[in-house]
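Trainee: Below you will find the structure I want to go over with you.
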Amino acid sequence: MANFSLGKFPHVDLCDLLKLEGWVESGAKAKVVIADGEVRVDGAIETRKRCKIVSGQTVEYAGKRITVTA
């Protein structure tokens, strides 16, 4: 499982995380897959595009999984 470091930031928006990890080609595509219920946060489907992802949470999409760290 991969890790994503927040660095000095307290959170990252879900749509931005998908784009930053290269799981989708654009922010618009990220918003579509999130709205379609294709993304899970801590095992539950998440449809809020700007959901704040914080350290300790796990995000899954298209068979990929990442844990967010501080």
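The values are calculated or read from the model by the stated rules, or taken from the named source; none is laboratory data. Since this is a predicted model, take the numbers as computed values, not measurements. Using ideal geometry, Cβ is built from the backbone for each residue, glycine included, and neighbour counts are taken over all protein chains shown. Protein only, heavy atoms only, side chains kept; ligands, DNA and RNA dropped before computing areas. Shrake-Rupley method; radii C 1.70, N 1.55, O 1.52, S 1.80 Å.
Trainee: Antiparallel versus total DSSP beta bridges in the chain: what percent is that, nearest 5?
Mentor: Once the DSSP bridges in the chain are tallied, antiparallel ones form about 75 percent.
Trainee: While we're here: Could you sort 50-58, 15-23, 62-70, 2-10 so that the peptide with the highest average Cβ count within 10 Å comes first and the rest follow in order?
Mentor: In descending order of packing, they fall as 15-23, 50-58, 62-70, 2-10.
Trainee: Let me ask you something else. With every protein chain kept in the model, how would you rank 42, 13 by accessible area, 1.4 Å probe, largest at the top?
Mentor: So, going from the largest accessible area down, we get 42, 13.
Trainee: Further question: Students often get this wrong, so try it: which of [x] 43; [y] 61; [z] 56 is percent of Cα pairs over 15 Å apart as calculated from the structure shown?
Mentor: So the calculated entry is the one marked [x].
Trainee: Multiply the residue separation of residue 32 and residue 11 by 0.36 nm, subtract the distance between their alpha-carbon atoms, and state the gained length in nm to one decimal.
Mentor: Extending this stretch completely gives an extra 5.5 nm.
Trainee: Using a 1.4 Å probe over the heavy atoms of the protein chains, calculate the carbon and sulfur portion of the accessible area of the chain as a whole percent.
Mentor: In the chain, the share of accessible area belonging to carbon and sulfur is 50 percent.
Trainee: At 7 Å along the Cα-to-beta-carbon direction for both residue 62 and residue 47, put a label point, then send me their distance in nm to one decimal.
Mentor: For residue 62 paired with residue 47, the spin-label model returns 2.2 nm.
Trainee: Tell me what the chain gives for mean residue ellipticity at 222 nm when only DSSP H runs of n ≥ 4 count, each as -39,500 (n - 2.57), the sum divided by the residue total, rounded to 500 deg cm²/dmol.
Mentor: Mean residue ellipticity at 222 nm (helix-derived): -6000 deg cm²/dmol.
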